[in-house]
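Single-structure report; data block below.
The values are calculated or read from the model by the stated rules, or taken from the named source; none is laboratory data. This is a predicted model, so every value here is computed, not measured. Neighbour counts run over all protein chains shown; Cβ positions are idealised from the backbone, glycine included. Ligands, DNA and RNA are stripped out before the accessible areas are found, and what is left, the full protein with its side chains, is counted by its heavy atoms. Shrake-Rupley method; radii C 1.70, N 1.55, O 1.52, S 1.80 Å.
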Amino acid sequence: MAFKRMAIEDWFDRYQYQVEVNIGESGVKFRTVGDLNLALNDLGLRYGHHRGAPELRESIAQDYRGLTAENICVTVGASEAIFSLVAALTGPEGQVLVEHPNYPTLYEAGLSLDRQVEFLPLRYEAGFGLDLAQLEGKITPKTKLVMLTHPNNPAGSIISAQELRAVVELIEASNAYLLMDETYRDLSYDAPPPPAATLSPKAISVSTMSKAYGVPGIRIGWLAASQEIVDAVRAVREQVTICNSVIGERIAWEILKQKQQFLPSAREALLANLSVLKGWFAAQSDLEWVVPRAGVVGFPRLVSGASADGLCRLLVEKYKTFVVPGSVFQMPEYFRIGFGIERHELVEGLSRLDEALAEWKSQRK
Ligand SMILES: Cc1ncc(COP(=O)(O)O)c(C=O)c1O
């Protein structure tokens, strides 16, 4: 089988429903249907438009200056957008260049499809920032797709507008497209760089309802790109999902109508949680981290350089508290912590993490 399970999804599938406290999620608090107060009785349950409902695409397109609904394809989460783009824009001879660490689909899709996958490491010592010289050095005539994620999951770093423009210049001078995963862009603390797709027809922006809006269960994401790329992705999707859930699309449309009411308070809450987390880290001698500059996740590591796997397993199994071990990102001395949740859950999770750390250390003596 070319397709192997992703370690991160195995971890989620195994533990996310077994825990009492979740300080590992990468989005804001999940919402319920009741929170949204929707009237869905008029919704026809027929197949949806293959690129997504026109009114939803119109609404999404408003965030992409210079682009229209024709440049939007709504997908089954950002995951399907990424997979379809790798399938549509690269062939077996082509090389894919992916920033690492990253949400694993960005490289697993290429590996599963037998593409040549090359990595662009983000280093702790550099604050997990993008190394432009390294990127330039790694782009070859065979590179067909460069994939970056900013704000980054799990590192919490973000590219500047100036860096993004420099990346786009490199892409325009190459044979490659740029896939910028902007899943966490709406959770930036300051004004984020413009969406990549607004800067060049060779740049694609990918995003989703899953993280900033707290509704991963509706499985709605999208990409913004040239019409040619939108058409190429539609061709891939027609063999996999055909169209999206019309219920998911309607919910996404309703939420996006209210995004200006929702996002500022969501950002305020996550910044307040970030201060709690900073206070907690200041008292830790066994952990160090790069303070996140955007998004809702941080990626601490054990100062000793030991693997955090045992700690994460103890935390989840005995203390019923969920974090994500760094080994699922191939960085075992790290773990991912999420702070998009309600304050009381974060505080409870950190207190259980304190206990688990103490127990884990005493076991290792
Ligand atoms: C950077 C990034 N891209 C894509 C995804 C997939 O999101 P979705 O739920 O929209 O498929 C995730 C999920 O964690 C992510 O972190």
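Some observations on this one:
- Computed from the C-beta positions of L263 and E355 and an R0 of 30 Å, the FRET efficiency is 0.30 to the nearest 0.05.
- Value of Rg/Rh across the chain [Cα atoms, Kirkwood radius]: 0.96
- Averaging the sequence gap over all C-alpha pairs within less than 8 Å and six or more residues apart, then dividing by the number of residues, gives the range 43-257 a relative contact order of 28 percent.
- Surface per residue (accessible, 1.4 Å probe) for the chain, Å²: 43 Å²
- Taking the helices alone, the chain has a mean residue ellipticity at 222 nm of -11500 deg cm²/dmol, built from -39,500 (n - 2.57) per DSSP H run of at least 4 residues and averaged over all its residues.
- H100, H344, H50, ranked by accessible area, largest first (probe 1.4 Å): H344, H50, H100
- The range 18-61 has equivalent-ellipsoid semi-axes of 30, 16, 11 Å, by the square roots of 5 times the alpha carbon gyration tensor eigenvalues, sorted largest first.
- With contacts taken as Cα pairs under 8 Å and at least 6 residues apart, the range 1-111 reaches a relative contact order of 21 percent.
- Listed residue pairs exceeding 23 Å between alpha carbons, taken from K4/K320; K29/K320; K29/K278: K4/K320
- Alpha carbon Rg of the range 11-97, scaled by the compact-globule rule 2.2 N^0.38 Å: 1.50
- Each principal axis of the Cα atoms in the range 106-184 has its own extent, and those three values, largest first, are 30, 28, 23 angstrom.
- Taking only the alpha carbons of the range 164-315, we obtain Rg and Dmax values of 19.2, 53 Å in that order.
- Diffusion coefficient, µm² s⁻¹, Stokes-Einstein with Kirkwood Rh over alpha-carbon pairs of the range 255-365 at 25 °C and 0.890 mPa s: 166 µm²/s
- Taking the 1.4 Å solvent-accessible surface of the range 43-257 as the whole, the part contributed by carbon and sulfur is 51%.
- Evaluated at q = 0.15, 0.16, 0.17 Å⁻¹: base-10 log I(q)/I(0), Debye formula over Cα of the range 43-257: -0.91, -1.04, -1.18
- Translational D in µm²/s for the range 199-251 (Stokes-Einstein at 4 °C, 1.567 mPa s, Kirkwood Rh from C-alpha pairs): 105 µm²/s
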